[in-house]
Amino acid sequence: MKVITVGNNKGGTGKTTITTHVGVALSKLNSRVLVIDNDPQCNATSLLLTGKKFKYSMYDLLTDPNNTNIECEIPTNFPNLYCIPNIVDTSGLSLHFTQTYPDSLFTMKVALERIKEKYDYILIDCPPTLDIPMGMALCASDAVIIPIEVGSIHSIDGLDKCLDLIEAMQKFNPQLNFLKLVMNRADKRTSISKIMIEEIKKNYKNEYFETIVSVCTALQQAEYLRKTLFEYRPTDSALKYYKQLAKEIVTLLPKQR
Ligand SMILES: Nc1ncnc2c1ncn2[C@@H]1O[C@H](COP(=O)(O)OP(=O)(O)OP(=O)(O)O)[C@@H](O)[C@H]1O
Ligand SMILES: [Mg+2]
C-alpha cells in the first residue's frame with residue numbers, strides 16, 4: 001500500500017483533477033484505491049460523490065482519529081474506488097491543530113492506520129496552502145506528486161516551496177519522498193508552453209512524469225456537472241493522460257500485496 005499526497009500551494013494547478021482522474025485510472029488497473037479529500041473546498045468530494053449520502057467525513061476522522069466506529073470510506077461510481085469526503089466545517093479545526101502542533105501533524109497518519117491495509121493506493125488531495133492539513137498529509141505519506149500549470153511561473157514557485165516543505169517534513173516522516181511533478185494544462189501551440197516545458201525538463205531532470213497533460217475543455221464541462229471526465233465522456237482522448245500517469249505511478253511505486 002502506498003500513500004501519495006498531491007499538493008501545490010499555488011491554487012488551480014490541477015491537484016483535484018489529477019487526484020480524482022488518476023484515482024479512477026488506477027482503479028481500472030485493478031488496484032484498490034482510496035481518494036482522500038483533504039481540502040475543505042470539497043472539490044474531490046463533489047467530483048466523486050455527488051448525489052451520495054454520507055454520515056461521516058474527514059471532519060469526524062480528524063476530530064476522533066482512533067474511533068473505529070467512524071466509517072467514512074464511501075464507494076464511488078467506480079468499482080475499487082472509494083473516497084473519504086470532506087465538509088466545509090473542517091476548516092474550523094485549524095485553530096485546534098495549530099495549538100496542538102506538532103503532535104497534530106500525526107492525526108491523519110493515526111486515522112489511516114486501520115484503513116490503509118485495505119488499499120493499494122491512497123491519494124490525498126490537498127488544499128492550496130502549506131498549512132497543517134498539507135503537513136498532516138505529508139506525515140501520513142510515502143510520496144508526493146506536485147502538479148504545475150504549464151504557462152504559470154507562479155506554479156513553479158509553488159513547486160519549490162513544496163519541495164522545501166517536503167524536506168522539512170522528513171524530520172517527522174523519514175520515509176517521505178518527492179515522487180515527480182506533473183506538467184498540466186500544456187497548450188503545445190503556444191510558445192510559452194514550449195519554453196516552460198523545456199525549462200522544466202532542463203531544471204528538474206528525472207523529476208517529472210513523462211506524461212504531459214494537455215489543455216482539455218471537456219474537463220471543465222464534466223466538472224460543471226460534478227462528474228469526472230470518465231463518466232461525462234468515457235471516450236474522450238484526454239483520458240489517455242490520466243491512464244498513462246497511472247501506469248507511470250504503478251511502475252514507480254509497484255503494488256505490494
Ligand atoms: N488539463 C486541463 N485542461 C483544462 N482545464 C483543466 C485541466 N486540468 C484542470 N483543469 C481545470 O482547471 C481548474 C482547476 O483545476 P483543479 O480544481 O484540479 O485545481 P486545484 O489545484 O485542485 O485547485 P485548488 O488549488 O483550488 O484546489 C478546474 O476548473 C479544472 O477543471
Ligand atoms: Mg483542488
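A short reminder: the numbers here are calculations on the coordinates, not readings from a lab. Just so you know, these numbers come straight off a predicted model, no measurement behind them. Counting neighbours? That spans all protein chains shown, and the Cβs are built from the backbone with ideal geometry, glycine included.
Here are a few things to note about the model shown:
- Nitroxide proxy distance, nm - points 7 Å out along Cα→Cβ at residue 71 and residue 206: 4.6
- Ranked by how many other Cβ atoms sit within 10 Å of their own Cβ, fewest first, the residues 157, 39 fall in the order 157, 39.
- Kirkwood-type radius of the chain, with distances r between different C-alpha atoms, in Å: 18.2
- Candidates per chymotrypsin sites (Phe, Trp or Tyr not before Pro) in region 98-177, loop by DSSP, up to 15 other Cβ within 10 Å: 172
- Result for the chain in a Gaussian network model with C-alpha springs under 10 Å: among 240, 180, 53, the largest mean-square fluctuation is at 53.
- For the chain, built as a Gaussian network whose Cα springs stay under 10 Å, the top-fluctuating residue of 158, 14, 92: 92
- Region 55-144: equivalent-ellipsoid semi-axes (sqrt of 5 x gyration tensor eigenvalues, Cα, Å): 21, 15, 13
- Evaluated at q = 0.13 Å⁻¹: base-10 log I(q)/I(0), Debye formula over Cα of region 134-237: -0.59
- Computed about the Cα centre, the dipole magnitude for region 8-252 is approximately 840 debye when only Lys and Arg (+1) and Asp and Glu (-1) carry charge, each at its Cβ.
- Residues 211, 16, 50 arranged by fewest to most Cβ contacts within 10 Å: 50, 211, 16
- Legend: distances between Cα atoms for 55/255; 10/118; 28/116; 53/247; 28/161; pairs beyond 25 Å are 55/255; 10/118; 53/247; 28/161.
- Inter-label distance, residue 30 to residue 129: 4.3 nm, where each label sits 7 Å from its Cα along the C-beta direction.
- Among 199, 167, 210, the residue with the largest mean-square fluctuation in a Gaussian network model of the chain, with springs joining Cα atoms closer than 10 Å, is 199.
- Share, in percent, of DSSP beta bridges within the chain that are antiparallel, nearest 5: 5
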